[in-house]
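Below is one structure; the comments refer to it alone.
The values are calculated or read from the model by the stated rules, or taken from the named source; none is laboratory data. All figures in this text were calculated on a predicted structure; none of them were measured in a lab. Glycine gets a Cβ as well: all are built from the backbone with ideal geometry, and neighbour counts include every protein chain shown. Note: areas computed on protein heavy atoms with side chains; ligands, DNA, RNA excluded. Shrake-Rupley method; radii C 1.70, N 1.55, O 1.52, S 1.80 Å.
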Amino acid sequence: MSAPRETDVFPFPGSSYRGPDPRYAELRDEEPVVRVRTAGGVDAWLVTRYEHVRELSADPRLSRARACGPGAPRVGGTMHTTPEMIISLDSPEHSRLRKLVAGAFTLRRVERMRAGVQQVADELLDAMQAQNGPVDLVQALAVPLPLTVIGELLGVPPADLRDFEKWARAFATVDDRAGGEESLAGLAKLSEYIVGLVADKRATPTDDMLSELIAARDEGDRLSEAELVTFGFTLIGAGFDTTANQLANSVLALLVDHRDQWDRLAADPALIPKGVDELLRHVNLFATDTTGFPRIAAADIEVGGVTIAEGDAVLLALASANRDPAVFADPDRLDLDRERNPHISFGHGVHHCLGKHLGRMELEIALEGLLRRFPDLRLAVPEHELPWHTGEINHTLTSLPVTWGEPE
């Protein structure tokens, strides 16, 4: 077993929404599978090349269940999960749950939601436009759009959505110094609320996804109470927080570093779908440069010329994989004309993101509305004054003040 690099403590401090720490490029060239010391004090294998990240993402010998069960090693910079969550399961349990819920997220089903998502976005943009700038784009659009959509999917009363935001953001918080208390408190609040919501839907079903999941059966099987509850708050956290952060960070990247590309998208909206995919690859959403979810080897695995031993923790660096020059030409450039873009921002294998079609659609609709209505959008404060919420699984802007029109 190789010793971890003394100088490499994960997560690396040089990463931002602009991209992963430069040392990932060095590791891809020199040690694509390397042992590092994590902030939680546990040694882990860090995997940085696209081919290896993609391969291991689909390898059943890497276990999510062993990474979040009792006595699992605590890898610093990762989010608290519970053993019942779909993202915490291995097959066959994971496949059973995914089969029951996957129908709600097919491309055809999501496309039927487009008109409703467009209406939510238009109403938010109307309100934003009425303020005549400056406005906080995080609170005006990035958060309420996906939050409202997820709330409607689950049948959550609109009055409760802001509580959802607070609890889900707390759940996504990573703070090893505080023992993860804020994350666990958010998890408890979400669980308590969903328990009540499931009871209401069971007594009085309505036309929403949660009611469908309560009634869902697969060859006589159905979701248990605990599975319904954990799936509910997993959907809330994954379904709005990641999309909200991706939208805010993408707009920031375009306004600050790629203004020419913003102007190009405004002039040619047909480029927006391809542009969203490139932004998903280029903008580094994850504060840890991984999905934040470690895996444990359930058997010895040979990869990249090294042996990962059974029981070892493994971290798959998606941000590094998305900048691998072996797959992406000129990988550090935002390229709206990129023809081949097999990014893995939504993951790969059995744990690839169920909501990828919905998230992509929300990003397209939001960007199209902003570009059409506010082609001269710009930051209302210097970039260095933008507040970032540290300690989250994602690069999270607390606010993004923007304005438009003639400068005063």
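How much net charge surrounds Ile301 when only other residues with a Cβ under 12 Å from its Cβ are counted (Lys, Arg +1; Asp, Glu -1)? It would help to have the intermediate numbers written out before the result.
Working: positive: Arg61, Arg295; negative: Glu55, Asp59, Asp300, Glu302, Glu310, Asp312.
With Lys, Arg at +1 and Asp, Glu at -1, the neighbours total -4.
A Gaussian network model of the chain, with springs between Cα atoms under 10 Å, assigns the largest mean-square fluctuation among Ala287, Ala127, Ala266 to Ala127. When all protein chains stay in place and ligands, DNA and RNA are ignored, the 1.4 Å accessible-area order of Glu383, Glu225, largest first, is Glu225, Glu383.
State the volume of the convex hull built on the alpha-carbon positions of the chain, expressed per residue in Å³ and rounded to an integer.
Spread over its residues, the Cα hull of the chain gives 141 Å³ apiece.
Surface calculation, 1.4 Å probe, protein heavy atoms: Arg259 sits at approximately 70 Å² accessible. Listed by chain and number, the aspartates and glutamates whose C-alpha is less than 14 Å from the C-alpha of Lys201, apart from same-chain residues fewer than 8 away, are Glu152, Glu212, Glu225. Taking amide H positions as modeled 1.01 Å from N, with prolines and chain starts lacking one, the residues under 5 Å from Ala299 and 5 or more places away or on another chain are Gly311. Toward the positive end of the charge dipole of the chain, with +1 on the Cβ of Lys and Arg and -1 on the Cβ of Asp and Glu, the farthest Cα among Ala104, Thr307, Val33 is that of Ala104. Largest accessible area first, the residues His343, His352 order themselves as His352, His343 under a 1.4 Å probe with ligands, DNA and RNA left out. Computed over the alpha carbons of segment 297-369, Rg followed by Dmax gives 16.3, 50 Å. Using only side-chain charges placed at the Cβ, +1 for Lys and Arg and -1 for Asp and Glu, the dipole size of the chain relative to its Cα centre rounds to 660 debye.
Summing charges over all other residues whose Cβ lies under 11 Å from the Cβ of Leu125, with Lys and Arg as +1 and Asp and Glu as -1, gives -2. Using +1 at the C-beta of Lys and Arg and -1 at the C-beta of Asp and Glu, which of Leu235, Ala199, Ala142 has the Cα lying farthest in the positive direction of the dipole of the chain? After comparing all options, I get Ala199.
When the expected Rg is taken as 2.2 N^0.38 Å, what fraction or multiple of it is the alpha-carbon Rg of segment 225-300?
Values: Rg = 17.0 Å, N = 76, 2.2 N^0.38 = 11.4 Å.
So segment 225-300 has a normalised radius of gyration of 1.49.
Would you list, by chain and number, the lysines whose Cα falls below 18 Å from the Cα of Lys166, excluding same-chain residues fewer than 8 positions away? Partners within reach: Lys189.
The length gained on full extension between Asn132 and Asp200, counted as 0.36 nm times the residue separation minus their Cα-Cα distance, comes to 20.4 nm.
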